[in-house]
1. I'd like the Karplus ³J(HN,Hα) series for segment 54-71: coefficients 6.51, -1.76, 1.60, θ = phi - 60°, whole numbers in Hz, and an x wherever there's a Gly or Pro.
2. Average projected area of the Cα convex hull of segment 129-190, in nm²?
3. Using helices alone, what [θ] at 222 nm do you get for the chain, with -39,500 (n - 2.57) per DSSP H run of 4 or more residues, divided over all residues and rounded to the nearest 500?
4. Taking Cα pairs under 8 Å and at least six residues apart, what relative contact order does segment 13-73 come out at, in percent?
5. Multiply the residue separation of H149 and T43 by 0.36 nm, subtract the distance between their alpha-carbon atoms, and state the gained length in nm to one decimal.
6. For segment 25-127, what Kirkwood radius comes out of the mean inverse Cα-Cα distance, in Å?
7. Keeping all protein chains in position, work out how much accessible area R23 exposes to a 1.4 Å probe, and write it in Å² to the nearest 10.
8. Once fully extended, how much extra length lies between E69 and H162, figured as 0.36 nm per residue of separation less the alpha-carbon to alpha-carbon distance?
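The values are calculated or read from the model by the stated rules, or taken from the named source; none is laboratory data. Predicted model, so just to flag it, every value in this text is computed and none were measured. Note that each Cβ is placed from the backbone with ideal geometry, even for glycine, and that neighbours are counted across all protein chains shown. Protein only, heavy atoms only, side chains kept; ligands, DNA and RNA dropped before computing areas. Shrake-Rupley method; radii C 1.70, N 1.55, O 1.52, S 1.80 Å.
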Amino acid sequence: MRLIIMGPPGAGKGTQAAHIATRFGIPAISTGEIFRSNIKRGTELGKRVESIMVAGGYVPDELTNEIVEDRLAQADCEPGFLLDGYPRTTGQVEFLDELLARDGHRVGAVIELTVDEEATVQRLLDRAAVQGRADDNEETIRERMAIYHTETAPLTAIYADHGVLVRVDGMGDIDEVTDRIAAVLTDIDD
């Protein structure tokens, strides 16, 4: 099962990715978490992406693609995976499709979490206060939402054309949303 979870910042992608990964026995892979971990450890990658992330921007495709390719080559991804935060551009979609096709695979489903934007902004501000995340202030959050709407949201049209897009209401109790997602994934082959 090769899955992607999409939605605006704060839609609950990370939370749902962890629940779905556990339920289906596949790793949840968050490019944002990979980047934040490298920033925290002071790695070369962390230094390259820190200023981009603090400003609310997206890490360039070439660098992100390289990280995703490396991660998907690991043994735990052989039975499948759930990508959170990738792809975000049409170039990344094309790269992922080509990468998977090399091994005779494809994306089985793209889950789009739909949420109320103002509730999501508040959710992110609350998370920033609890976790102390410098990349979650209101200005940065709104910039990330604008980038999502202009650059990432159009990807849903591509996945709809591929017949793999499923929209799921992301508002409400975590377990309710997880159950909604699981229900639409029961017939997914890849």
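1. Those phi angles translate into 4, 7, x, x, 9, 5, x, 3, 4, 5, 5, 4, 4, 5, 5, 4, 4, 5 Hz.
2. Mean shadow area of the hull around the Cα atoms is 6.2 nm².
3. -16500 deg cm²/dmol
4. Across segment 13-73, relative contact order equals 18 percent.
5. Contour length minus Cα-Cα distance gives 35.1 nm.
6. Result for segment 25-127 stands at 15.2 Å.
7. Accessible area of R23: about 120 Å².
8. 31.3 nm
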